[in-house]
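Okay, so here's the structure we're looking at.
The values are calculated or read from the model by the stated rules, or taken from the named source; none is laboratory data. This structure is a prediction, so every number in the text was calculated from the model and none was measured. Cβ sites come from the backbone with ideal geometry, for glycine too, and all protein chains shown count toward neighbours.
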């Protein structure tokens, strides 16, 4: 639908194919810059805090957290949903835009997919550790066991979640890896040292770029793209079903699946924006990640922000319109006002109000403003999950079991740790893997008849 | 693009191309070699097999092997089997497709590969002719390729 002449050139600077490869693999060929080492040091520090907090949890038990009988889900589930949400953008970018034949995806999809893989890995830590005895986590596998072949509950959304997230991780990782195979071959064939040739040669799986390989490669991309698009929608719908299938006021609503899926894509796109701005700035890839790319992401964010605003309003409206006293209480006395009202209003301001400034073209072309807004959106999405998880649980049907919740240092430590792990993953990605899909970018370099036809 | 001119030249003169190596997928090159793939059919078969397999497994565990009475609900709780079937089907199709790709395109770790010109994965579109099957001698092919704008034409023993 949108050809390059409508959107502006996808690649600036009159490049040829060789130049594209050189520009994109420059960070792999050159030494790591100083900021990269500092960032890696900080990330390792954060990850160490996380590993210590995890060790402390395993050593002393869940009593080291502040979760209790009422608020049984605390920061762990908030962070789980937050990371999974961020992890959705990779697939949303790569796959939805692949199926819709949006060529501007080519400069961004690789980083988005990388982010997905690291974010889902971070997300998986939380439900595993939340089980309590993490060393028995394998009990959730449906295997014939010594307990008389007692099967897991196949009707439970929690089990669906486990299967869906494992599948999602595996599929995103394969989609990401196979996308990189032709690029690894490019690095292999340009490598000057034997070590590099051997390592990237191994990673390239013997790729040569023959028609036989490309034909099947295209087949694989579209098959994986088509089915993973369904998975994106189903994974986060299932996460929302963990909540919606309960009887807790504020959770028990049919709005949840679409609301969660859209929210996930919102936070993921915001994180993609954050990363792309970093990549552009520090690796000087402005010719590939152009203002036009950021503009397109910003427009999508404005649109999704409106949907988020509508969802928040719908929830409040339905609580009032249903006439259900428990729903009314949760929304009007425990969210809009009450102990956690800050979280509610912070969520509304960060997700539904502030992104609206991106209607202005001036803001959309200001990289600093976009960077700040993308961080605000991610913060807002975290508030949203806190708002959903904690407010509903803290004050349910029985006033005798009402309580408040704030995390302990251990819970905060685990969250900080996942930020460290994610950052380490992303930094390794910056250093050792082509950040932009070289072969795909080449295919949109000269939008002649050939590239337009397929 | 010169590659297309080259392909047209070989077709008009009835030369047989052995293989074309490109830095990115070029459909015209794939068509010129009459390459066809049944990838989608394979994926459909994996999907169909997975749906039948997963539903049968769930029926067996929930109804035959260890039926559990959840407040009188039917043990064959079909609607709640749908999501898990969907996800496992997607997983099966993915794994099946990856293995099929690896097998058919012969892309796997540690593969000994044949690449006539290393620039093919970077910047050059390489057309390879085998003297035995090309249907013409080196001079005739070289002349036709040069005329259609080839940047280099050379002979090499492999």
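Things worth noting here:
- Here residue A:189 fits the description: surrounded by 19 or more Cβ atoms within 10 Å (Cβ to Cβ) and under 24 Å from residue A:109 (Cα atoms).
- Top-ranked residue of region B:122-135 - restricted to ones that are modelled with pLDDT of 80 or more and more than 7 Å from every other protein chain (Cβ to nearest Cβ), ranked as surrounded by the fewest Cβ atoms within 10 Å (Cβ to Cβ): B:130
- All told, residue B:64 meets the bar of being over 26 Å from residue A:443 (Cβ atoms) and either surrounded by fewer than 19 Cβ atoms within 10 Å (Cβ to Cβ) or in contact with a helix residue (DSSP H, G or I) (Cβ under 8 Å, 6 or more places away or on another chain) (or both).
- Scanning region B:19-48 for residues that are assigned to a loop (DSSP other than H, G, I, E, B) and at the interface with chain A (Cβ under 7 Å from one of its Cβ atoms) yields B:22, B:23, B:24, B:25, B:26, B:33, B:35, B:37.
- Any hit, region A:135-142, residues being crowded, with 17+ Cβ neighbours inside 10 Å, modelled with pLDDT under 85, more than 8 Å from chain B (Cβ to nearest Cβ) and part of a loop (DSSP other than H, G, I, E, B): no
- Scan of region A:164-185 for residues that are over 18 Å from the mean Cα position of the chain (by Cα) and facing chain B (nearest Cβ under 10 Å), ordered by number: A:178, A:181, A:182, A:183, A:184, A:185
- Meeting the requirement of 1 or more residues that are over 21 Å from the mean Cα position of the chain (by Cα) and over 23 Å from residue A:82 (Cα atoms), the helices (runs of 4 or more DSSP H) wholly within region A:320-379 are A:325-334, A:361-364.
- First in region A:1-25 and more than 11 Å from chain B (Cβ to nearest Cβ), second anywhere and at pLDDT below 80 and in a loop (DSSP other than H, G, I, E, B), Cβ under 6 Å, 6 or more apart: A:4/A:10; A:4/A:447; A:10/A:444; A:11/A:445
- Matching option when the condition is surrounded by fewer than 17 Cβ atoms within 10 Å (Cβ to Cβ), without any contact (Cβ under 8 Å) to a residue 40 or more places away in the chain and more than 19 Å from residue A:243 (Cα to Cα), among A:310, A:403: A:310
- Scope region B:1-16; condition away from chain A (no Cβ under 14 Å) and outside any loop (DSSP other than H, G, I, E, B); matching residues: B:9, B:11, B:12, B:13
- Failed item, numbered, when residue B:75 is tested on (1) within 7 Å of chain A (Cβ to nearest Cβ); (2) surrounded by fewer than 20 Cβ atoms within 10 Å (Cβ to Cβ): (1)
- Qualifying residue in region A:253-269 (condition: in a helix (DSSP H, G or I) and either touching a strand residue (DSSP E or B) at 6+ places or on another chain (Cβ under 6 Å) or closer than 23 Å to residue A:433 by Cβ (or both)): yes
- Verdict on residue A:267 being crowded, with 24+ Cβ neighbours inside 10 Å and either over 30 Å from residue B:128 (Cβ atoms) or out of contact with any helix residue (DSSP H, G or I) (no Cβ under 8 Å at 6 or more places or on another chain) (or both): yes
- Close pairs (8 angstrom Cβ cut-off, 6 or more residues apart or separate chains): more than 14 Å from every other protein chain (Cβ to nearest Cβ) in region A:420-444, at pLDDT 90 or above and not in a helix (DSSP H, G or I) anywhere: none
- Answer residue from region A:186-207, given it is out of contact with any helix residue (DSSP H, G or I) (no Cβ under 7 Å at 6 or more places or on another chain) and more than 9 Å from chain B (Cβ to nearest Cβ) and is modelled with the lowest pLDDT among those: A:192
- Being facing chain A (nearest Cβ under 9 Å), surrounded by fewer than 20 Cβ atoms within 10 Å (Cβ to Cβ) and touching a helix residue (DSSP H, G or I) at 6+ places or on another chain (Cβ under 6 Å) is a property that does not hold for residue B:119.
- Test result for residue B:125, in contact with a strand residue (DSSP E or B) (Cβ under 9 Å, 6 or more places away or on another chain) and in contact (Cβ under 8 Å) with a residue 40 or more places away in the chain: yes
- Residue B:107 at the interface with another protein chain (Cβ under 8 Å from one of its Cβ atoms), crowded, with 18+ Cβ neighbours inside 10 Å, without any contact (Cβ under 8 Å) to a residue 60 or more places away in the chain and part of a helix (DSSP H, G or I): no
- Residue within region B:51-59 that is surrounded by 14 or more Cβ atoms within 10 Å (Cβ to Cβ), within 10 Å of chain A (Cβ to nearest Cβ) and within 30 Å of residue B:135 (Cα to Cα) present: no
- Filter pass, residue A:302 being part of a helix (DSSP H, G or I), touching a helix residue (DSSP H, G or I) at 6+ places or on another chain (Cβ under 6 Å) and crowded, with 22+ Cβ neighbours inside 10 Å: no
- Verdict on residue A:247 being away from every other protein chain (no Cβ under 14 Å) and farther than 30 Å from residue A:154 by Cβ: no
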